[in-house]
Amino acid sequence: GVTRLLLTRIPFFKEIIVSSFSCDSCSWANTEIQSAGRIQEQGVCYTLAVTSRQDMNREVVKTDCASARIPELDFEIPAFSQKGVLTTIEGIIDRAVAGLEQDQPTRRAMDKEVARKIDEFIGKLRQLKEVNSPFTFILDDPSGNSFVENPQAPQRDEALVVTHYRRSPQQSAMLGLEVDARPLDTAEDLRDEVLQFNTNCPECNAPASTNMKLVQIPHFKEVIIMATNCDSCGHRTNEVKSGGAIEAQGTRITLRITDPSDMTRDILKSETCSVEIPELEFELGMGALGGKFTTLEGLLKDIRDLVEKNPFTLGDSSMPSRTGKLQEFIGKLQDVKGKSQAHFIMDDPAGNSYLQNVYAPEEDPELSVQRYQRSFEQNEELGLNDMKTEGYEPEGASGR
């Protein structure tokens, strides 16, 4: 016979090798697929809610180490029981039916009861192809090289849930990988991983998910960035938390804005940081806007939105005299972005805010960073006056 090999790329996935064998004597033909890439860092699990005949036509890449399940029938195709294949959902069901029917004549002769039960199960599998009732198709691949088509790509598919997970030592051994003895969930692991946890949308209270990532800011420290996206109402929000402790001294950062390029400087504004622009007689108090990791232009835009979207400042409840002053302020704020010079001051008693030095590691002539001792009132606001970190154990505790 003849075997043909084709290296091809599946859109929104990766490269694979398709091998096809055909025999001219007996007309037997067979196709297999192999991943053209390496084993991925994480395993992948695709969960598809099949509700229509169109879903049966979705392309599926199933490697030989992947398992397929249909929970409604308590049916599973174990890993390494079939060769890798490029097919459809319907093709996987047909392949399972063909495998079950292969030894049915022998079973009918040896054990009619077992053969009858398998015939009933084959009938249930064939009924799935008609999609008279919805069912769930789960494809689990520890190697991360399997794939279920998303017809709406690059948009999100509501019927398809893709979950990436860390392989267990048993799964790594099954794939022939060396099991890493290093403990899991160390700080080094968290730097390379996006954590996800379930929450509710702050706008419509619908179930949503929040992504959390540990990021190292150059010439500064680690921060935790959290982002929430709501699929129901489209609300999006992000927040930044300091990944370290409160510094021994407060920080006062002053930037003299002289050029439009200053608007691209990165800014980390913590929850405890206040912002001041003396030329505009403007001050943003501690806690307003929350923690943010953005650019100077992005922070000024957030300040403008905070003013414009407040119904008591520019809405129906505002006073005409106040509205005129705020409109004038918004115009001056817009000029700061490139027309007029101004000083931008960030005062953070906790010392956890940052403004990018574009000349780093050299000195920035337009940027000054001043360290200062916090006052009693500032320590009180941060909760440090009543915080005891040394000698808090009661006497005799060490002897227990």
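Within region 244-276, work out how many residues are within 15 Å of D348 (Cβ to Cβ) and of a type outside the set (K, R).
Residues in region 244-276 being within 15 Å of D348 (Cβ to Cβ) and of a type outside the set (K, R): 20 in total.
Considering region 220-270 alone, what residues qualify as being in a loop (DSSP other than H, G, I, E, B), aliphatic (A, V, I, L, M) and open to solvent by less than 40 Å² (accessible area, probe 1.4 Å)?
Answer for region 220-270, where residues must be in a loop (DSSP other than H, G, I, E, B), aliphatic (A, V, I, L, M) and open to solvent by less than 40 Å² (accessible area, probe 1.4 Å): there is none.
Tell me, which residue of region 2-42 that is over 25 Å from the mean Cα position of the chain (by Cα), within 16 Å of V61 (Cα to Cα) and open to solvent by 90 Å² or more (accessible area, probe 1.4 Å) is modelled with the highest pLDDT?
Top of the filtered list is L6.
This table checks each residue for (1) open to solvent by less than 30 Å² (accessible area, probe 1.4 Å); (2) over 21 Å from M263 (Cβ atoms); (3) part of a strand (DSSP E or B).
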residue	(1), (2), (3)
K332	no, no, no
S340	no, no, no
F344	yes, no, yes
G351	yes, yes, no
A360	no, no, no
D364	yes, no, no
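Right, A115: closer than 24 Å to S146 by Cβ and open to solvent by less than 60 Å² (accessible area, probe 1.4 Å) or not?
Spelling it out, it is not the case that A115 is closer than 24 Å to S146 by Cβ and open to solvent by less than 60 Å² (accessible area, probe 1.4 Å).
Determine which single condition N205 fails, assuming it passes every other condition in (1) without any contact (Cβ under 8 Å) to a residue 24 or more places away in the chain; (2) under 10 Å from the mean Cα position of the chain (by Cα).
Every listed condition holds for N205 apart from (2).
Among the residues of region 151-176, how many are touching a Lys or Arg at 6+ places or on another chain (Cβ under 8 Å) and modelled with pLDDT under 85?
Qualifying residue count, region 151-176: 1.
Test each condition in (1) modelled with pLDDT of 80 or more; (2) among the β-branched types (V, I, T); (3) open to solvent by less than 50 Å² (accessible area, probe 1.4 Å) for V336 and report the one that comes out false.
All conditions are met except number (1).
Select, from Y354, Y372, Y392, the only residue that is among the aromatic types (F, W, Y), modelled with pLDDT of 85 or more and either outside the structural domain of L255 (by the TED database) or out of contact with any Lys or Arg (no Cβ under 7 Å at 6 or more places or on another chain) (or both).
Being among the aromatic types (F, W, Y), modelled with pLDDT of 85 or more and either outside the structural domain of L255 (by the TED database) or out of contact with any Lys or Arg (no Cβ under 7 Å at 6 or more places or on another chain) (or both) holds for just one of Y354, Y372, Y392, which is Y354.
For region 366-381, name all the residues that are open to solvent by less than 90 Å² (accessible area, probe 1.4 Å) and among the basic types (K, R).
Result: R374, single match.
Mind checking which strands (runs of 3 or more DSSP E) fall wholly inside region 60-106 and carry at least 1 residues that are at pLDDT below 90, within 31 Å of the chain's Cα centre (by Cα) and crowded, with 19+ Cβ neighbours inside 10 Å?
85-88
Within the set of pairs 6+ apart or on separate chains, which have a first residue in region 276-301 that is assigned by the TED database to the domain that holds Q334, a second that is part of a loop (DSSP other than H, G, I, E, B) and open to solvent by 60 Å² or more (accessible area, probe 1.4 Å), and C-beta atoms under 7 Å apart?
Every condition considered, the pairs that remain are G287/E271; G290/E271; G291/E271.
Run I217 past the list (1) over 15 Å from N352 (Cβ atoms); (2) surrounded by fewer than 16 Cβ atoms within 10 Å (Cβ to Cβ) and report the number of the one that doesn't hold.
Just one mismatch for I217, condition (1).
Could you tell me which numbered condition R236 fails, if it satisfies all but one of (1) touching a residue at least 40 places away in the same chain (Cβ under 8 Å); (2) out of contact with any Lys or Arg (no Cβ under 7 Å at 6 or more places or on another chain)?
That leaves (1) as the condition not met.
Mind counting the residues in region 291-322 that are open to solvent by 30 Å² or more (accessible area, probe 1.4 Å) and either modelled with pLDDT of 75 or more or part of a strand (DSSP E or B) (or both)?
11
For (1) farther than 28 Å from S168 by Cβ; (2) in contact (Cβ under 8 Å) with a residue 60 or more places away in the chain, each residue gets a yes or a no:
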site: V2; (1), (2): yes, no
site: D24; (1), (2): yes, no
site: E41; (1), (2): no, yes
site: N57; (1), (2): yes, no
site: V60; (1), (2): no, yes
site: A66; (1), (2): no, yes
site: E76; (1), (2): no, no
site: E101; (1), (2): yes, no
site: R108; (1), (2): yes, no
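The values are calculated or read from the model by the stated rules, or taken from the named source; none is laboratory data. Computed from a predicted structure; not experimentally measured. Here Cβ is always computed from backbone atoms with ideal geometry, including for glycine, and neighbour counts include all displayed protein chains. Keep in mind that these areas ignore ligands, DNA and RNA; they rest on the heavy atoms of the full protein, side chains included. Shrake-Rupley method; radii C 1.70, N 1.55, O 1.52, S 1.80 Å.
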